[in-house]
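**Q** Quick one: the structure is below, and I'll ask about it shortly.
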């Protein structure tokens, strides 16, 4: 069902927790508007405990923690923090290395580009380097928004002759995770690696943005 903008804004303004529920699990829903002006309902907590994606989230978190353990880096799950101006955040996986703080966000449900950016900015304000690991379906949906954003921001709204890579943007480092494969981390244009290799790239500042995509650059490992 589609809604007129005025009706949607009125619904948002008058709704309370529980006024609307998700059809998949009957959990509370919140009304949102994407950066492209699309109206949609979303889980309040970005989590649907009856959906198959929850298995992905659990397994992805375990895999990231295991990779950090293999590198002898102590990590914590579901770590909460707050920005200097009082905005809260909670990292799926949090760890520190050589005086730097890292957060790995494992996003298994779609969210708007504006929500990605809002959460990313909270980490930046807290001096935490955040990297996003998402399901393929989430990446493809995010890509539609980042391509439009990149075209307007960098190319005057026109598609350049050389294309826009994967359509990624420099302020949102992201990779896809495909469990059950030899190289489950996917990024850039048809690039892939193990989770451990990807984490090493983060630690060594080798996960870089270049011409619309995120890549691992080559360098001798310090480990």
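Only the coordinates and a few stated rules stand behind these numbers; no lab work does. As the structure is a computational prediction, the values presented were derived from the model and not from experiment. Note that each Cβ is placed from the backbone with ideal geometry, even for glycine, and that neighbours are counted across all protein chains shown.
**Q** Based on the Cβ-Cβ distance from residue 4 to residue 77, what FRET efficiency comes out when R0 is 35 Å, to the nearest 0.05?
**A** In this case the efficiency is close to 0.25.
**Q** On alpha-carbon atoms, Rg over Rh for the stretch 90-145 using Kirkwood Rh?
**A** Using Cα coordinates only, the ratio equals 1.00.
**Q** Order the peptides 173-184, 112-123 from the highest to the lowest mean number of other Cβ atoms within 10 Å of their residues.
**A** Ranking, from highest mean packing down: 112-123, 173-184.
**Q** Let me ask something else. To the nearest Å, what is the center-to-center distance of the stretch 168-206 and the stretch 68-141, using C-alpha atoms only?
**A** Distance between centres, Cα-based: 15 Å.
**Q** Please list the three semi-axes, largest first and in whole Å, of the ellipsoid equivalent to the stretch 53-216, using sqrt of 5 times the eigenvalues of its alpha carbon gyration tensor.
**A** 25, 19, 15
**Q** How much length is gained on full extension from residue 204 to residue 218, taking 0.36 nm per residue of separation minus their Cα-Cα distance?
**A** 4.0 nm
**Q** A further question follows. Given that compact globular proteins tend to follow 2.2 N^0.38 Å, what is the ratio of the alpha-carbon Rg of the stretch 142-194 to that value?
**A** 1.31
**Q** A further question follows. When the chain is fully extended, how far beyond the present Cα-Cα distance does residue 66 get from residue 129, taking 0.36 nm per residue of separation?
**A** 20.7 nm
**Q** Kirkwood hydrodynamic radius, the stretch 124-223, all distinct C-alpha pairs: what's the number in Å?
**A** 14.3
**Q** Let me ask something else about it. For residue 153 paired with residue 32, estimate the spin-label separation in nm (one decimal), with each label point 7 Å from Cα along the Cα-to-Cβ line.
**A** 1.8
**Q** Turning to a different aspect of this structure: Could you quote the convex hull projected area for the stretch 166-223, Cα atoms only and averaged over all directions, in nm²?
**A** Averaged projected hull area, Cα only: 4.0 nm².
**Q** A further question on this structure: Just to be sure I understand: with springs between alpha-carbon atoms less than 10 Å apart, which residue in 55, 199, 169 has the highest mean-square fluctuation in the Gaussian network model of the chain?
**A** 55
**Q** In addition: With a point put 7 Å past each Cα toward its Cβ, work out how far residue 117 is from residue 190 in nm, to one decimal.
**A** 3.2
**Q** Right, next: Run the helix sum for the chain: -39,500 (n - 2.57) per DSSP H stretch of 4+ residues, divided by residue count, reported at 222 nm to the nearest 500 deg cm²/dmol.
**A** Per the formula, -10000 deg cm²/dmol.
**Q** Which residue fluctuates the most in the chain, going by a Gaussian network model with Cα springs under 10 Å, if the choices are 39, 108, 57?
**A** Taking springs between Cα atoms under 10 Å, the residue moving most is 39.
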